[in-house]
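Here the structure comes first, spelled out in structure tokens, and everything after it is commentary.
The values are calculated or read from the model by the stated rules, or taken from the named source; none is laboratory data. Treat the numbers as computed from the prediction; the structure is a model and nothing was measured. No Cβ is skipped: glycine too gets one built from the backbone with ideal geometry, and neighbour counts run over all protein chains shown. Side chains included, ligands, DNA and RNA excluded: accessible areas come from the protein's heavy atoms. Shrake-Rupley method; radii C 1.70, N 1.55, O 1.52, S 1.80 Å.
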Amino acid sequence: MLDERFAKYKIGNTFLERLWTGALWAEGCAWNGVGRYLIWSDIPRNRQMRRLEEDGHVSVFRPFSNKSNGNTFDFEGRQLSCEHNTRRVVRYEHSGKVTVLADQWNNKPLNAPNDIVVHPDGGIWFTDPGYGIMGDYEGHKDELQIKEAIYRIDPASGKMQMVSDEGYKPNGLCFSPDYKKLYLADTGGPNPRGIDVYDVAEGKQLKNRRRFCSMELNGKMGGSDGIRADEDGNVWSAADGQEKDTMACIFLHRMDSALA
């Protein structure tokens, strides 16, 4: 069902269209602008799927994905994926080789990297909430050995840096169009869960965390997961609510008053 409030914000002649069904759990959509295809993870089936724009053909892209979740492409067109089962972040090189970018922090295994974005300076930012080791359905059950956090991988040295361990379960994340802000969906902790925003300092650090929006609607607590900002600064969120009709997908306009 399309909420009537979407009619107030039109992008050309865009309309709501169902592209495909068949996943047990579809996550981590990423668009490849050169290849003109969309990829996503089907976590429980341990695979990645691809849809070609040319004719809408959908097929298995990678039959074994280590139960990957979030995906994105860097500024060189290489795919980056967060793997639940191996608790690591990887990059698929143009040659087909898989490069492990991160799998531990302070000599302890990462929890289960979840979502990932890339800064224009080449820095790779990802969240590590640990959902992939809370059960066997989307990973394998294990103990969290480190605090849930957001990390940055330096493009020159390849070293990891913890940029924030505030909050509870850092999940979806995205930059604003000017890369001066980072939005974060925190899916844990007390009600109401919502989306927070940080200032990005010198492209490498986060400061001044504050609430961007609550995911509460009509008195019911919802939650945000994957988020992205469009070129106008609108933040789009895959969302859910306690009631089936509470929300499915929303957009939140980036207004100065909301970020104050």
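Among the residues that make up region 140-163, is at least one of them touching a strand residue (DSSP E or B) at 6+ places or on another chain (Cβ under 9 Å), open to solvent by less than 20 Å² (accessible area, probe 1.4 Å) and either modelled with pLDDT under 95 or farther than 15 Å from Ala102 by Cα (or both)?
no
Of everything in region 222-242, what is open to solvent by 30 Å² or more (accessible area, probe 1.4 Å), touching a Lys or Arg at 6+ places or on another chain (Cβ under 9 Å) and either modelled with pLDDT under 85 or among the charged types (D, E, K, R) (or both)? Give them in sequence order.
Answer for region 222-242, where residues must be open to solvent by 30 Å² or more (accessible area, probe 1.4 Å), touching a Lys or Arg at 6+ places or on another chain (Cβ under 9 Å) and either modelled with pLDDT under 85 or among the charged types (D, E, K, R) (or both): Asp232, Gln242.
Quick check on my filter: what residues within region 59-91 are under 26 Å from Lys141 (Cα atoms), in a strand (DSSP E or B) and not hydrophobic (A, V, I, L, M, F, W, C)?
Hits for region 59-91 are Arg62, Ser68, Asn69, Gly70, Asn71, Thr72, Ser81, Glu83, Arg88, Arg91.
Which one of the conditions (1) out of contact with any Asp or Glu (no Cβ under 8 Å at 6 or more places or on another chain); (2) over 20 Å from Cys82 (Cβ atoms); (3) not hydroxyl-bearing (Ser, Thr, Tyr) does Arg228 fail to meet, given that it meets all the rest?
(2)
Can you name every residue in region 92-113 that is open to solvent by 10 Å² or more (accessible area, probe 1.4 Å) and either in contact (Cβ under 8 Å) with a residue 24 or more places away in the chain or in contact with a helix residue (DSSP H, G or I) (Cβ under 6 Å, 6 or more places away or on another chain) (or both)?
First, pick out the residues of region 92-113 that are open to solvent by 10 Å² or more (accessible area, probe 1.4 Å): 92-101, 103-109.
Leu101, Trp105, Asn106, Lys108, Pro109 - these are the residues of region 92-113 that are open to solvent by 10 Å² or more (accessible area, probe 1.4 Å) and either in contact (Cβ under 8 Å) with a residue 24 or more places away in the chain or in contact with a helix residue (DSSP H, G or I) (Cβ under 6 Å, 6 or more places away or on another chain) (or both).
Give me the pairs, please: first residue somewhere in region 10-24 and within 21 Å of Pro44 (Cα to Cα), second residue anywhere and open to solvent by 100 Å² or more (accessible area, probe 1.4 Å) and modelled with pLDDT of 80 or more, beta-carbon distance under 7 Å, and either six or more positions apart or on two chains.
Leu24/Arg45
What number of residues within region 123-158 are closer than 19 Å to Arg47 by Cα and among the small types (Gly, Ala, Ser)?
Looking only at that region, the number is 3.
Out of Asp245, Asp199, Asp178, I need the residue that is at pLDDT below 90 and either of a type in the set (A, V, I, L, M) or surrounded by fewer than 18 Cβ atoms within 10 Å (Cβ to Cβ) (or both). Which one? Lay out the reasoning, then the answer.
Details: Asp199 fails: at pLDDT below 90; Asp178 fails: at pLDDT below 90.
The match here is Asp245.
Filter region 25-58 down to the residues that are without any contact (Cβ under 8 Å) to a residue 60 or more places away in the chain, of a type outside the set (Gly, Ala, Ser) and part of a loop (DSSP other than H, G, I, E, B), then identify the one that is least open to solvent (accessible area, probe 1.4 Å). Steps first, answer last, please.
Of all residues in region 25-58, those without any contact (Cβ under 8 Å) to a residue 60 or more places away in the chain come to 26, 30-42, 45-58.
Add one more test, that the residue is of a type outside the set (Gly, Ala, Ser), and what stays is 31-32, 34, 36-40, 42, 45-55, 57-58.
With the extra rule that they be part of a loop (DSSP other than H, G, I, E, B), the set shrinks to 34, 36, 45-46, 53-55, 57.
On the way: Val34: 141, Arg36: 106, Arg45: 104, Asn46: 40, Glu53: 92, Glu54: 172, Asp55: 109, His57: 93 Å².
Applying the filter and picking the extreme gives Asn46.
Out of all the residues in region 127-142, is one or more part of a strand (DSSP E or B), in contact with an Asp or Glu (Cβ under 7 Å, 6 or more places away or on another chain), farther than 18 Å from Gly28 by Cβ and not acidic (Asp, Glu)? Steps first, answer last, please.
Residues of region 127-142 that are part of a strand (DSSP E or B), as a first pass: 127-128.
If we keep only those that are in contact with an Asp or Glu (Cβ under 7 Å, 6 or more places away or on another chain) as well, we get 127-128.
Now restrict to residues that are farther than 18 Å from Gly28 by Cβ: none.
There is no residue in region 127-142 that is part of a strand (DSSP E or B), in contact with an Asp or Glu (Cβ under 7 Å, 6 or more places away or on another chain), farther than 18 Å from Gly28 by Cβ and not acidic (Asp, Glu).
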